[in-house]
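*Asks:* I have a structure here, written as structure tokens, and I will follow up with some questions on it.
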Amino acid sequence: ATPWFRPIGWQSHDEMGALYREADICAIPSVWDEPFGLVALEAMAAGRPVCASRVGGLQHIVLDGETGYLFERGDASALAELLARLMDDLDLRARMGRAGRQRVEENYTWPVIIDRHYLPLLERLKS
């Protein structure tokens, strides 16, 4: 392994917060259609930019060029280029990390989800 890349294998949910804080970038090279993309949200909540495949829910969570980058499924060259861009630019990582954290706070916290999705659903069920 290189000094800038360390495979970590499977980790428990309790260990993930510390790992996100330790990381500079979160890469999610999914080859299948992720239904949602919880890992992207967790990384963004920790203020980390995300490089993710343009698949499933990931393409709706990560704002390309704002909270991270999206690349086409299976395109290892594009992923390598985007990771290099982020590794070489501390200010870009910080800016995207802040934007990701803000996106999570504005769109994906429980109070927001309840107000935007659950309460309107419950109101429609009352009718």
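*Asks:* Do any residues in region 84-105 that are closer than 15 Å to Ala52 by Cβ have Cβ atoms under 6 Å from those of residues that are of a type in the set (S, T, N, Q), where the two are at least six apart or on different chains, and which pairs are they?
*Replies:* Close Cβ pairs (under 6 Å, with a partner that is of a type in the set (S, T, N, Q)) amount to Met96/Thr67; Ala99/Thr67; Gly100/Thr67; Arg103/Thr67.
*Asks:* Another question, if that's okay. Report, ordered by the first and then the second residue, all pairs with beta carbons closer than 6 Å, sequence separation of six or more or different chains, a first member in region 39-60 that is among the basic types (Lys, Arg), and a second member that is buried (at least 18 other Cβ atoms within 10 Å of the Cβ).
*Replies:* Within 6 Å, the pairs are Arg48/Cys26; Arg48/Gly97; Arg54/Leu70.
*Asks:* Does Thr109 satisfy being polar (S, T, N, Q), surrounded by 12 or more Cβ atoms within 10 Å (Cβ to Cβ) and under 19 Å from Ile28 (Cα atoms)?
*Replies:* Spelling it out, it is not the case that Thr109 is polar (S, T, N, Q), surrounded by 12 or more Cβ atoms within 10 Å (Cβ to Cβ) and under 19 Å from Ile28 (Cα atoms).
Bear in mind that the values in this text are calculations on the coordinates, not laboratory data. A quick note: this is a predicted structure, and the numbers were derived from the prediction, not measured. FYI the Cβ positions are ideal-geometry reconstructions off the backbone, even for glycines, and counts take in every protein chain you see.
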